[in-house]
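Participant: Here it is, the structure, as structure tokens.
The values are calculated or read from the model by the stated rules, or taken from the named source; none is laboratory data. Predicted model only: the values in this text are computed from it and were never measured. Backbone-built Cβ (ideal geometry, glycine too); neighbour counts: all protein chains shown. These accessible areas exclude ligands, DNA and RNA; they are computed on the full protein's heavy atoms, side chains included. Shrake-Rupley method; radii C 1.70, N 1.55, O 1.52, S 1.80 Å.
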Amino acid sequence: MTEPDFLLEGFEENRTRLRAVAYRMLGSLAEAEDAVQETWLRMNRADTSDVGNLGAWLTTVTARICLNMLRSRKARREEPLDVHVPDPVISRADGATTPEDEALLADSVGLALHVVLDTLSPAERLAFVLHDMFGLPFDEIGPLVGRPPATARQLASRARRRVRGAEVPSPDPDVGRQREVVDAFFAAARHGDFDGLVAVLDPDVVLRSDGGTARPEASVVAHGAAAVAGRALRFYQPTSLIRPALVNGAAGVVITVGGRPAAVLGFTVSRGKIVEIDTLADPDRLARLDLTVLGA
């Protein structure tokens, strides 16, 4: 086997893991693909003859690229809106997933947790993701952020406290039960049943809707069952097609109007009630999502 063939094989063996690292770091499927592609280009330009563990080397290269992308994003303030919902990973409602999606969804990284990860500094996010989610030691993480291992440990610890402090709700383990609650939500919306909506919502439910720059009027954060139920009644469209899906491994839907995707909704159902709804309604980002898995 020639060296180029060896490197290609090694890269392909690690591609799924690299994409998972990049997605957790960036919360963007498109940017994650860009980071993995840049990793491939850097590997081809680098002298890897002394690399003993290609997988670990590729992981650190991808992480460094993602760190730079996060810092550049923050410097350019590409996301000035108050509401940002990360890219959802969409799979069929029957639970059929590809190995690539299974890697993206490992460790129950739902949209609610991604929202919290977006609040971390780039260095905190890198330290938390690489150590807590992928098990990299701090003596490897430290050089990536230009800090001693002890400082990298502190970054991860600070990030961990913020994640725990955000009290990201744990979804009910039975996806079928989640689906029943989500179906009841849309049945109530379809019939204009305010009380029915409130009945399936947690009193402290949070709705995040991200319409992007193209639909700023769709960007909102709503708190409480009454506010979320009222918004659901105002914006429900009888002509829309609601397609069940798994959104980051939990019950969700893809809504299309006139054959075009209008929104992706991810629900967090805990103790039989909806506690969070994350809605991506940005037409630009929706157009980049792969909905072929749903037959769309």
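Participant: Ratio of Rg to Rh for the range 182-281, alpha carbon only, Kirkwood? Intermediate values should be presented prior to the final figure.
Facilitator: Working: Rg = 12.5 Å, Rh = 13.5 Å.
We get a ratio of 0.93 for the range 182-281.
Participant: Next question, about the same structure. Whole Å is fine, so just give me how far the alpha carbon centre of the range 36-64 lies from that of the range 181-236.
Facilitator: After rounding, the separation between the Cα centres reads 45 Å.
Participant: Give the average over all directions of the projected area of the C-alpha convex hull of the chain, one decimal, in nm².
Facilitator: Details: hull surface 65.1 nm².
Computed as one quarter of the Cα hull surface, the answer is 16.3 nm².
Participant: How many nm is it between the label spots at Arg15 and Asp174, if each spot is 7 Å from the Cα in line with the beta carbon?
Facilitator: Roughly 4.0 nm, to one decimal.
Participant: Sticking with this one: Any idea what angle helix 54-76 forms with the longest principal axis of the chain, computed on alpha-carbon atoms, 0 to 90 degrees, nearest 10?
Facilitator: Between helix and principal axis, roughly 60 degrees.
Participant: Around Ala263, under 15 Å between beta carbons, what's the net of Lys plus Arg minus Asp minus Glu among the other residues? Mind showing how you got there, number by number?
Facilitator: Working: positive: Arg208, Arg215, Arg231, Arg234, Arg243, Arg260, Arg285, Arg288; negative: Asp87, Asp210, Glu217, Asp278, Asp282, Asp284.
Its environment carries a net charge of +2.
Participant: Shifting gears a bit: Over the chain, with a Gaussian network built from C-alpha contacts below 10 Å, which listed residue (Pro86, Pro169, Pro238) shows the highest mean-square fluctuation?
Facilitator: Answer for the Gaussian network model of the chain: Pro238.
Participant: Let me ask something else. Report the net charge of residues surrounding Thr279, where surrounding means a beta-carbon distance below 9 angstrom and charges are Lys +1, Arg +1, Asp -1, Glu -1.
Facilitator: Spelling it out: positives minus negatives among the neighbours equals -1.
Participant: Let me ask another. Limiting things to C-alpha atoms, what are the Rg and the maximum Cα-Cα separation (Dmax) for the range 1-54, in angstroms?
Facilitator: 11.9, 37
Participant: Compute a Gaussian network model of the chain, connecting alpha carbons closer than 10 Å, and tell me which residue from Ala152, Ala232, Ala46 fluctuates the most.
Facilitator: Ala46
Participant: Right, another one. So if a site counts as exposed when it's one of the GluC sites (Glu not before Pro), its DSSP state isn't H, G, I, E or B, and it has at most 12 other Cβ atoms within 10 Å, what's the longest stretch of the chain without one?
Facilitator: Between the exposed loop sites, the longest stretch runs 168-296.
Participant: Give me the base-10 log of I(q)/I(0) for the range 112-262 at each q in 0.11, 0.12, 0.17 Å⁻¹, Debye formula, one uniform scatterer per Cα, rounded to two decimals.
Facilitator: -0.59, -0.68, -1.04
Participant: Please tell me the relative contact order of the chain in percent, rounded to the nearest whole number, where contacts are Cα pairs under 8 Å and at least six residues apart.
Facilitator: Over the chain, the number comes to 19 percent.
Participant: Which value in nm describes the separation of the simple spin-label points at Ala30 and Leu8, placed 7 Å from the Cα toward the beta carbon?
Facilitator: Here the answer is 2.9 nm between the modelled labels.
Participant: Roughly how big is the chain's charge dipole about its Cα centre, with Cβ charges of +1 (Lys, Arg) and -1 (Asp, Glu), in debye to the nearest 20?
Facilitator: 900 debye
Participant: Efficiency by 1/(1 + (r/R0)^6): what FRET value for Phe235 and Leu291, r their Cβ-Cβ distance, R0 = 22 Å, to the nearest 0.05?
Facilitator: Values: r = 21 Å, r/R0 = 0.95.
So, using R0 = 22 Å, E works out to roughly 0.55.
Participant: Build a GNM of the chain with springs between Cα atoms under 10 Å: which of Ala250, Ala262, Ala166 gets the top mean-square fluctuation?
Facilitator: Ala166
Participant: In vacuum, with every alpha carbon of the range 247-296 counted as one equal point scatterer, what does the Debye formula give for log10 I(q)/I(0) at q = 0.18 Å⁻¹? Two decimals, please.
Facilitator: -0.59
Participant: Oh, and also: At a 1.4 Å probe, what is the % contribution of carbon and sulfur to the accessible area of the range 169-282?
Facilitator: The nonpolar share, carbon plus sulfur, comes to 56 percent.
Participant: Using only Cα atoms, locate the centre of the range 245-269 and the centre of the range 137-171, then give the distance between them in Å, rounded to an integer.
Facilitator: 31 Å
Participant: To continue, here is another question. What net charge is computed for the residues neighbouring Ala232, neighbours being all others with C-beta under 13 Å from the C-beta of Ala232, Lys and Arg scored +1, Asp and Glu -1?
Facilitator: +1
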